[in-house]
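The values are calculated or read from the model by the stated rules, or taken from the named source; none is laboratory data. Bear in mind the structure is a predicted one, so any value in this text is a computation, not a measurement. Cβ: placed from backbone, ideal geometry, glycine included. Neighbour counts: every protein chain shown. Protein only, heavy atoms only, side chains kept; ligands, DNA and RNA dropped before computing areas. Shrake-Rupley method; radii C 1.70, N 1.55, O 1.52, S 1.80 Å.
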Amino acid sequence: MPFSRRKDIGLLALRLGAGGTLLAHGSQKLLGWFGGSGLDATADVMEKMGFRPGRESALAAGLGEAGGGALLALGLATPVAGAAAAGAMAGAVSVHAPAGFFAHQGGFEYPAFLGFVAAGLGLAGPGCLSLDALTGDRLNRPGTVLLAFALSAAAATVVVNRRAAVLAEAQEQAARSAPDTDPDAETDPSAT
């Protein structure tokens, strides 16, 4: 089998595996499929994690994962699909980062891996066994790659930074509303 055919089959396998995984993961958020909680419950969880507004954040994450995954699997608009899925995974990485790298400790290993695979496919292209190839690569051009990844990186940066600001504000409010518990402070009940 010629090398170019092996490469195309390898890209197809990678697209189907990563795209299918992302599609299933996003469908949990959007539709409640595969044991997921659906859009309303995901919106509540996203809000509690600092993504505001929660419903729009859940919708964007679900569409980035499910839509990006479906397009990756099909090999259609591959740069856009890869950039969208990678951007969604950047938000997931921000949630898991405090737990470290490894997934067994709740870390960001899994979303980072999915994000890097999606980005790699978006940058490399889908290969000849794809809908992009059938359409003459109309949605798989160098300008599309640059624009899709620039927009995704900008959006992910805004979302992650906004979430960090929301969490920092919540911590400040909690610190201000906590009772003063200075263990070194002398309290003399007879002084009152």
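How large a share of the accessible area of the chain, in percent, is made up of carbon and sulfur atoms when the probe is 1.4 Å and the other protein chains stay in place?
The C+S portion of the solvent-accessible surface of the chain is 66 percent.
Please get the size of the charge dipole for the chain, origin at its Cα centre, with Cβ charges of +1 on Lys and Arg and -1 on Asp and Glu, quoted in debye to the nearest 20. Intermediate results must be reported in sequence, preceding the final value.
Values: 13 positive and 16 negative charges, 294 e Å.
Taking the Cα centre of the chain as origin, the dipole is about 1420 debye.
Set the Förster radius R0 to 41 Å, insert the Cβ-Cβ distance between TRP33 and SER4 as r into 1/(1 + (r/R0)^6), and round the FRET efficiency to 0.05.
E(calc), rounded to 0.05, equals 0.65.
Please check which bits of segment 54-69 a label hung off THR157 would reach, taking the label as a point 7 Å along Cα-to-C-beta and the cut-off as backbone N under 11 Å.
Correct set: none at all.
With θ taken as phi - 60° and the coefficients 6.51, -1.76 and 1.60, list the Karplus ³J(HN,Hα) couplings across segment 122-132 in order, rounded to whole Hz; mark glycine and proline as x.
3J(HN,Hα) across segment 122-132, in whole Hz: x, 7, 6, x, x, x, 6, 8, 8, 6, 4.
Mind jotting down the distance between the C-alpha centroids of segment 1-15 and segment 96-126, whole Å?
Using only Cα atoms to place each centre, the spacing works out to 23 Å.
Express the relative contact order of the chain as a whole percentage, based on alpha carbon pairs under 8 Å and six or more residues apart in sequence.
On the way: 284 pairs, mean separation 40.5, N = 192.
Relative CO of the chain lands at 21 percent.
For LEU139, enumerate residues with amide H under 5 Å from its amide H, sequence gap 5+ or separate chain, H modeled in the peptide plane.
ALA77
Mind telling me which of ARG55, ARG163, ARG176 comes out most flexible in a GNM of the chain, alpha-carbon contacts under 10 Å?
Result: ARG176 has the largest fluctuation of those listed.
Given ASN140, ALA41, ALA99, which one lies farthest toward the positive end of the charge dipole of the chain, if we put +1 on the Cβ of every Lys and Arg and -1 on the Cβ of every Asp and Glu?
ASN140
Taking only Cα atoms and a 10 Å spring cutoff, compute GNM fluctuations for the chain and point out the largest among ALA148, ALA24, ALA97.
Largest GNM mean-square fluctuation: ALA97.
Which net charge results for the neighbourhood of ALA86, defined as the other residues with beta-carbon distances under 15 angstrom from its beta-carbon, given Lys and Arg at +1 and Asp and Glu at -1?
0
How much length would be gained if the chain were fully extended between ALA124 and ALA175, taking 0.36 nm per residue of separation minus their Cα-Cα distance, in nm to one decimal?
Full extension of this stretch gives 13.6 nm more.
For the chain, what is the per residue volume of the convex hull drawn over the alpha-carbon atoms, in cubic angstrom?
Cα convex hull per residue, to the nearest whole number: 158 Å³.
Can you work out ³J(HN,Hα) from phi for every residue in segment 160-169, in order, using Karplus 6.51 cos²θ - 1.76 cosθ + 1.60 and θ = phi - 60°, giving whole Hz and x for Gly and Pro?
5, 5, 5, 4, 4, 5, 4, 5, 5, 5
Considering the Cα trace of segment 15-106, what is its radius of gyration and what is Dmax, both in angstroms?
12.9, 35
Along segment 2-14, what does the Karplus equation 6.51 cos²θ - 1.76 cosθ + 1.60 (θ = phi - 60°) give for ³J(HN,Hα), rounded to whole Hz, x for Gly and Pro?
Each residue of segment 2-14 in turn: x, 4, 4, 5, 4, 5, 5, 5, x, 5, 4, 4, 5 Hz.
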